[in-house]
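Quick notes on the structure that follows.
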Amino acid sequence: MIDISEIYFDKTIVLIPQGNIDLRFDTILKRCNIPDMGLCNAVNDIFEINYIIKEGKKMSVKEIFQPNVEFSKSARIKSMAEYQALQDEAINDYEGFWSRFAKEKLDWIEPFTNTMDESNFPFVKWFDGGKLNVSSQCIDRHLDSKANKTAILFEGDRGDTLKITYAELSKNVNKFANLLKNELNVKKGDRVVIYMPMIPEAAYAMLACARIGAIHSIVFGGFSAEALKDRIQDAEAKVVITADGAYRKDKPYMLKPVVDTALSGKTPVEKVLVVKRNNEEIAWLDGRDISYNDIIDNQSDECEAEIMDSEDPLFLLYTSGSTGKPKGVQHNSAGYILWAQMTMEWVFDVKEDDVYWCTADVGWITGHTYIVYGPLAMGATTVMFEGVPTYPDAGRPWKMVQDHKITQFYTAPTAIRVLHKMGEDEPSKYDISTLKVLGTVGEPIDPPAWKWYYESVGQSKCAIVDTYWQTETGGHIVSPLPGATPIKPACATFPLPGIMAEILDPKTGKKVGAGESGYMCITKPWPAMIRGVWGDEDRFVKSYFGDVKKDGKAVYFTGDGAKYDEDGYITITGRTDDVINVSGHRMGTAEVEAAIKKYNNVAEVAVVGKPHEIKGEGIFAYVVLKEEAEAESEMKAINGMIKQEIGSIALCDDIILAPGLPKTRSGKIMRRILRSIAKGEKITQDISTLEDPSIVASIESMVNG
Ligand code: WTA
């Protein structure tokens, strides 16, 4: 912490925080002997404080927000001392720590005999010998005590609501499981692709697969037919579960036609199960297409849960990497569900009567772990929302908080920025006093968005948990604990207990010092870690364990850069590879480039990310055409190709039809230069060794005038 007696203020800006912060205006004035209040321009603003001159140097004051005292009293982890005690327990006896929680938190059909087996690292086994079923963890074990508690609280785009109790969830999932088994011949280990809107049947489908031991692979509903087809083929899926469509902004949209296109060629898919949601007309292929609504009520509502090994696969989820082809990230049963539950309990601190809402889509990992598996494993009430947060206006989420008395709200920085921009005062129009914890995930959050979230949504009393994690980690890895961690804006703070996350220097493998940047790594296997890339062992090893070694041993590298501050707090600085983050959606630049290359007039292409006010990052493409053509129509065609190959989520914000790309003499595209140009930065590096240095100036003038 800063020694206040040594601080000298820049005379023009001393904007002092009020409220829950440990640098107080009056204290500072007194301690610093500032006699004249007129010197100070004090406003109730926590973010503009920040420049203080100390010994002639500019440094920024760290704002620290202590946890809400009332909340801490009943939190599961109440103080940093308790946090440290847990982390020390894990450090001193790693396997003992995990074995204790696995026994405490999960219901085992047969107990495990070995906590962790890393003899074949990075292929690791957790809780070997144990038998359980993930759907039973999420449903059956709650039936005695919570049969009539709402498990899923659904709100449709049009405001229709549905409360599904644990007893009803059990029936629905059991029937669904019987349908898959008896009508579609799905067996343990078969892959089932789920391409669904945000309706309760999506959760039933996931849990039904888990119940019978089938491996689900959800494809986000915004992906195109081509993208869906690639994922179906890579997973060799036998069945696709979809819906006719759903509603967005009061209008129906369609999914089944996308599935039809995806399956038009040779396909491993035998059956398509179609759930009705919007009742729009759809094409039907007799023999292949099966109507869920016509046969679901013929199924028995009892389906014995398949007895699964701890390490039997639970699901695949495709995510972007640094090559063109998405990776099928594999998660297995016991370790994943354990960590999903533990992080729900620690990070959101959901209590028996709480109503928890995560706004993600089930098509992303956040939807898997924090809409379905985590909340249900701990027996919570989880809200599922079909619509968009800004429809009919930017007050929708706050109206939902009021209507359903929501206590935890978890969303992405992009959504926070949009809600802030479109409805700064909307939260104050509703009674949102039930909120206790606010979460953010998916991309770095910027201070202005954080501030609005903290003050206007959190009423300066809710903890903000900036949760850092990824598809591969299964659950949170670095995050504040709402009752314990003093938080700093836009800072993921500390590794969760049990997670040996460290920022390492990639060259030496040593932990970096305060203020230095390094690679965010995890130095010990953890239960919810990725178990493999489907069908590609080599890629698994190379993608995650090839870059950093600590004490001579390969460690898991997240792909993100990070740094510690002087108090040891972790800030994630963003990807170090060719992955960009558009509205919290992970996108490989190579994937977008591969799509653009399919347009026949494209000779060369390079895609980079560019900072975007709302989306975090936007996609910026430099394209060299084969033959000169009218710019506007070519740009349209290029974005059209992206829409067809990936989906609208990957459309370019900027396309520059460049005369060439800056390359080294060996032909390597200098993306760093292209990134700088896209950001409007001056090129300061030496470009004389490029194949054609004049290209840089021409592109620069095209982009920045
Ligand atoms: C980024 C989403 C900063 C990061 C759960 C990571 C974040 C990628 C944060 C994973 C955060 C996620 N602060 N960056 N709190 N959370 N990221 O697999 O770059 O879709 O590697 O998982 O999102 O994206 P994924």
Per the filter on the stretch 174-200, residues over 14 Å from Tyr292 (Cβ atoms) and part of a loop (DSSP other than H, G, I, E, B) are Asn185, Lys187, Lys188, Gly189, Asp190, Met198
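For (1) aromatic (Phe, Trp, Tyr); (2) under 16 Å from the mean Cα position of the chain (by Cα); (3) farther than 25 Å from Ala650 by Cβ, each residue gets a yes or a no:
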| position | (1), (2), (3) |
| --- | --- |
| Glu472 | no, yes, no |
| Ser479 | no, yes, yes |
| Ala484 | no, no, yes |
| Lys488 | no, no, yes |
| Gly546 | no, no, yes |
| Lys550 | no, no, yes |
| Asp560 | no, yes, no |
| Asp567 | no, no, yes |
Considering only residues that are among the small types (Gly, Ala, Ser), at positive phi and either assigned to a strand (DSSP E or B) or more than 9 Å from the ligand (Cβ to nearest atom) (or both), which ones fall in the stretch 455-496? Ser460, Gly474
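Residue-by-condition table, conditions (1) more than 30 Å from Tyr204 (Cβ to Cβ); (2) in contact (Cβ under 8 Å) with a residue 24 or more places away in the chain; (3) within 28 Å of the chain's Cα centre (by Cα):
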| position | (1), (2), (3) |
| --- | --- |
| Asn68 | yes, yes, yes |
| Ser79 | yes, yes, yes |
| Asp93 | yes, no, no |
| Phe97 | yes, yes, yes |
| Trp108 | no, yes, no |
| Phe121 | yes, yes, yes |
| Leu143 | no, yes, no |
| Ala147 | no, no, no |
Being more than 19 Å from the chain's Cα centre (by Cα) and either outside any helix (DSSP H, G or I) or at pLDDT 95 or above (or both) narrows it down to one of Asp294, Asp361, so name that one. Asp294
Scanning the stretch 503-519 for residues that are out of contact with any Pro (no Cβ under 8 Å at 6 or more places or on another chain) and in a strand (DSSP E or B) gives Ile503, Leu504, Lys511, Ser517
Name the one entry in Val388, Val418, Val383 that is away from the ligand (no atom under 16 Å from the Cβ), part of a helix (DSSP H, G or I) and in contact (Cβ under 8 Å) with a residue 24 or more places away in the chain. Val418
Is there a residue in the stretch 631-645 that is within 21 Å of Asp577 (Cα to Cα) and not β-branched (Val, Ile, Thr)? no
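For (1) hydroxyl-bearing (Ser, Thr, Tyr); (2) surrounded by fewer than 24 Cβ atoms within 10 Å (Cβ to Cβ), each residue gets a yes or a no:
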position: Val478; (1), (2): no, no
position: Ile499; (1), (2): no, no
position: Ser517; (1), (2): yes, yes
position: Trp526; (1), (2): no, no
position: Gly532; (1), (2): no, yes
position: Phe540; (1), (2): no, yes
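Taking the stated definitions as given, is Gly667 modelled with pLDDT under 90, of a type in the set (Gly, Ala, Ser), in contact with an Asp or Glu (Cβ under 8 Å, 6 or more places away or on another chain) and in the same structural domain as Asn601 (by TED's automatic domain parsing)?
So Gly667 passes the test.
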Among Asp107, Asp144, which is the only one that is over 30 Å from Gly546 (Cβ atoms) and in a loop (DSSP other than H, G, I, E, B)? Asp107
Quick test of your reading of the structure: Asp431 fulfils all but one of (1) without any contact (Cβ under 8 Å) to a residue 40 or more places away in the chain; (2) within 21 Å of the chain's Cα centre (by Cα); (3) over 20 Å from Ile371 (Cβ atoms). Name the failing condition by number. (2)
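In the stretch 297-322, what residues are within 16 Å of the ligand (Cβ to nearest atom) and assigned to a loop (DSSP other than H, G, I, E, B)?
Here is the first cut: in the stretch 297-322, the ones within 16 Å of the ligand (Cβ to nearest atom) are 315-322.
If the condition is that a residue be within 16 Å of the ligand (Cβ to nearest atom) and assigned to a loop (DSSP other than H, G, I, E, B), then Ser320, Gly321, Ser322 are the ones that fit.
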Just need a number here: residues in the stretch 609-637 that are touching a strand residue (DSSP E or B) at 6+ places or on another chain (Cβ under 6 Å), part of a helix (DSSP H, G or I) and either on the phi > 0 side of the Ramachandran plot or crowded, with 16+ Cβ neighbours inside 10 Å (or both). 1
Would a scan of the stretch 340-350 turn up a residue that is surrounded by fewer than 22 Cβ atoms within 10 Å (Cβ to Cβ) and more than 21 Å from Ile241 (Cα to Cα)? yes
Do you know which of the residues in the stretch 264-301 that are of a type in the set (S, T, N, Q) and more than 26 Å from Asn174 (Cα to Cα) is surrounded by the most Cβ atoms within 10 Å (Cβ to Cβ)? Thr267
In the stretch 351-380, how many are within 16 Å of the ligand (Cβ to nearest atom), buried (at least 24 other Cβ atoms within 10 Å of the Cβ) and of a type in the set (Phe, Trp, Tyr)? 2
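Within the stretch 670-685, can you find the residues that are assigned to a loop (DSSP other than H, G, I, E, B) and not acidic (Asp, Glu)?
Keep residues of the stretch 670-685 that are assigned to a loop (DSSP other than H, G, I, E, B), which gives 670, 680-685.
Within the stretch 670-685, Met670, Gly680, Lys682, Ile683, Thr684, Gln685 qualify.
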Matching residues in the stretch 443-457 - criterion: being free of Cβ contacts under 8 Å to residues at least 60 places away in the same chain and crowded, with 22+ Cβ neighbours inside 10 Å: Ile445, Ala449, Trp450, Tyr453, Val457
Return yes or no: is Asp393 part of a loop (DSSP other than H, G, I, E, B), within 16 Å of the ligand (Cβ to nearest atom) and farther than 25 Å from Leu106 by Cβ? no
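For the stretch 441-454, what are the residues that are more than 9 Å from the ligand (Cβ to nearest atom) and either under 17 Å from Arg575 (Cα atoms) or β-branched (Val, Ile, Thr) (or both)?
First, pick out the residues of the stretch 441-454 that are more than 9 Å from the ligand (Cβ to nearest atom): 446-454.
Result: Asp446, single match.
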Of everything in the stretch 590-614 that's out of contact with any helix residue (DSSP H, G or I) (no Cβ under 6 Å at 6 or more places or on another chain) and closer than 28 Å to Thr359 by Cα, which residue is farthest from the ligand (Cβ to nearest atom)? Glu613
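The values are calculated or read from the model by the stated rules, or taken from the named source; none is laboratory data. Computed from a predicted structure; not experimentally measured. A quick note on method: Cβ atoms are made from the backbone with ideal geometry, for glycine too, and the neighbour counts reach across all protein chains shown.
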